[in-house]
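The values are calculated or read from the model by the stated rules, or taken from the named source; none is laboratory data. Remember, it's a predicted structure, so these values are computed and weren't measured experimentally. Cβ coordinates were reconstructed from backbone atoms using ideal geometry, including for glycine residues, and neighbour counts include every protein chain displayed.
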Amino acid sequence: MPIPTELVGSLPRPMELQDAYEKYDQGQITWEDLQALQDKSAEDSIRRLEQTGETAVTDGEQRESSFATYPLTHTLAGTGLAPNLAGDGQFFAIFDDGHHRQLPRLTGGPFKYQTFASEFVEKNKKLTSHPVKQAVIAPSMLMLLYPLEDEIEGYSREQFLDDLVDECEKDIRKCFDAGAVRVSLDFTEGRLANKNDARNPWTGKDMLQSFIDLNNRVMDRFSAQERKNIGIHTCPGGDCDSVHSKEVPYEKLLNHMFKINAGYFLIQCASEEDRETVYRLCGENSRADADGVAQVCFMGVINPLSPDVESAEHVKNELVTAAKHIPVERLGATDDCGFSPFSRDVKPKHGSPDFARDVAMQKIANRIEGARLASEELGV
């Protein structure tokens, strides 16, 4: 079987759509006006992905506030925030360029998703004859909605986690029921959990094992056959062409992450200085039998934070090197991260989000061609 490839999730949103989010926050346009522009950008994303040869397409998260907050709010500014939430939660991450992203704060129970990602799948299925994938948020990220130290009166942490697991399971199942062929969970908080940043208190609480355990509570709800198509994505962040945890030694995550009983992993690697060590760590730690499913390592061969376009030959060479450490039947190719995980991102290193959108499509096309060339060289 040829080496498979897969998109992580997000694509740069056109400046027109980013401006529309701002206008919606200012009350200058309606929710229906914003949705019309989301739909326009989503259809353009799907058409362009079809042209690259991407096997399973997605709308590039054009309809989402962000990869982390789509179940909770219409916009990053908090317009349309779900019940039992306030806008003043803890930072999810502080990025190297100084900007930060903040989560809402849970104020009471029960915890419920306001929006399920299946809504996007249903719309996307109507736009394409290609298979559709969908990225969803991992419960480990939304675990951070609950106050770090305090207990919410009348709604214990244990009750919240029970509700959170239920909602995440529902999010995944509804995506499959709507026609998605693959669902991946975004787990960027995994590497960040080892940072211990004094400005961001949760990172000093040694939460990685708690994250893994919580994610496995969701995996336990699915059969081995279902988990073949449920993935985990990890990266050191990717927002405004900046990262939040790339300085954290990668082995601190990779030595533990594969304990999550997912069927495949989308693993940032292209932007690492020592890529072969990452391939080795993935080969050593990924499992041929993770509670009944063989774990496939989709290695990042494209860096979405750089405007430089990787050649297909470069992608081929990286995959051939990776195959020295990872069994070729458990090797895939992906991008390091979503190209724009948050709905406001002007892509400063690229000059504009519209140019970044064009660059993303060139990179994706070369990833796909590079995987084909590697498959030929490796005889699969």
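Residues in segment 72-101 that are under 19 Å from Arg191 (Cβ atoms) and in contact with a Gly (Cβ under 7 Å, 6 or more places away or on another chain): Ala93, Phe95. Residues in segment 133-144 that are touching a residue at least 60 places away in the same chain (Cβ under 8 Å) and more than 15 Å from Thr115 (Cβ to Cβ): Lys133, Ala138, Pro139, Ser140, Met141, Met143. Restricting attention to segment 261-291, the residues that are under 18 Å from Val183 (Cα atoms) and either β-branched (Val, Ile, Thr) or exposed (fewer than 15 other Cβ atoms within 10 Å of the Cβ) (or both) add up to 1.
Candidates Pro139, Pro147: the one that is closer than 24 Å to Leu192 by Cα, at pLDDT below 95 and surrounded by 14 or more Cβ atoms within 10 Å (Cβ to Cβ) is Pro147. You will find that of Lys347, Lys316, Lys363, the residue that is charged (D, E, K, R), closer than 13 Å to Pro2 by Cα and surrounded by 18 or more Cβ atoms within 10 Å (Cβ to Cβ) is Lys316 and no other.
Let's see how each residue does on (1) assigned to a helix (DSSP H, G or I); (2) at pLDDT below 95; (3) farther than 23 Å from Gly237 by Cα:
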position: Glu313; (1), (2), (3): yes, no, yes
position: Val320; (1), (2), (3): yes, no, yes
position: His325; (1), (2), (3): no, no, yes
position: Thr334; (1), (2), (3): no, no, no
position: Cys337; (1), (2), (3): no, no, no
position: Asp345; (1), (2), (3): no, no, no
position: Pro348; (1), (2), (3): no, no, no
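Would you mind stating whether Asp220 is more than 21 Å from Asp291 (Cα to Cα), surrounded by fewer than 21 Cβ atoms within 10 Å (Cβ to Cβ) and of a type in the set (D, E, K, R)? In short, no.
Taken over segment 57-83, the criterion of being in contact with a Pro (Cβ under 9 Å, 6 or more places away or on another chain), buried (at least 19 other Cβ atoms within 10 Å of the Cβ) and either more than 22 Å from Asp19 (Cα to Cα) or among the polar types (S, T, N, Q) (or both) is satisfied by Val57, Gln62, Ser66, Thr69, Thr73.
Conditions (1) in a helix (DSSP H, G or I); (2) of a type in the set (A, V, I, L, M); (3) buried (at least 23 other Cβ atoms within 10 Å of the Cβ); (4) more than 22 Å from the chain's Cα centre (by Cα), marked per residue:
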| position | (1), (2), (3), (4) |
| --- | --- |
| Met1 | no, yes, no, yes |
| Ser10 | no, no, yes, no |
| Arg13 | no, no, yes, no |
| Leu17 | yes, yes, no, no |
| Lys23 | yes, no, no, yes |
| Gln28 | no, no, no, yes |
| Leu37 | yes, yes, no, yes |
| Ser45 | yes, no, yes, no |
| Arg48 | yes, no, no, no |
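Within segment 154-185, the set of residues being without any contact (Cβ under 8 Å) to a residue 24 or more places away in the chain and either of a type outside the set (Ser, Thr, Tyr) or at positive phi (or both) comprises Arg157, Glu158, Asp162, Asp166, Arg173. Any chance segment 358-365 includes a residue that's over 21 Å from the mean Cα position of the chain (by Cα) and of a type outside the set (D, E, K, R)? No: segment 358-365 contains no residue that is over 21 Å from the mean Cα position of the chain (by Cα) and of a type outside the set (D, E, K, R).
Table: residues versus (1) closer than 30 Å to Thr234 by Cβ; (2) in contact with a strand residue (DSSP E or B) (Cβ under 6 Å, 6 or more places away or on another chain).
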| residue | (1), (2) |
| --- | --- |
| Leu7 | yes, no |
| Tyr21 | yes, no |
| Asp25 | no, no |
| Ile29 | no, no |
| Glu43 | yes, no |
| Thr55 | yes, no |
| Arg63 | yes, no |
| Phe67 | yes, yes |
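When Gln362 is tested against (1) outside any strand (DSSP E or B); (2) polar (S, T, N, Q); (3) touching a residue at least 60 places away in the same chain (Cβ under 8 Å), only condition (3) is not met. Asp213 meets all of the listed conditions (1) surrounded by 17 or more Cβ atoms within 10 Å (Cβ to Cβ); (2) modelled with pLDDT of 95 or more but one, namely (1).
Residues of segment 96-126 that are over 25 Å from Thr203 (Cα atoms), of a type in the set (S, T, N, Q) and not in a loop (DSSP other than H, G, I, E, B): Ser118, Asn124. Residues of segment 41-49 include at least one that is in contact (Cβ under 8 Å) with a residue 12 or more places away in the chain and over 20 Å from Pro131 (Cβ atoms).
Failed condition for Ser245, given (1) assigned to a helix (DSSP H, G or I); (2) hydroxyl-bearing (Ser, Thr, Tyr); (3) closer than 26 Å to Asp97 by Cα, with all others met? The failed condition is (1).
Residues of segment 34-49 being closer than 15 Å to Ser343 by Cβ and acidic (Asp, Glu), which ones? Hit for segment 34-49 is Asp39, nothing else. Check whether at least one residue in segment 223-239 is surrounded by fewer than 23 Cβ atoms within 10 Å (Cβ to Cβ), out of contact with any helix residue (DSSP H, G or I) (no Cβ under 8 Å at 6 or more places or on another chain), farther than 26 Å from Ile172 by Cα and of a type outside the set (Val, Ile, Thr), and report yes or no. No, segment 223-239 has no match at all.
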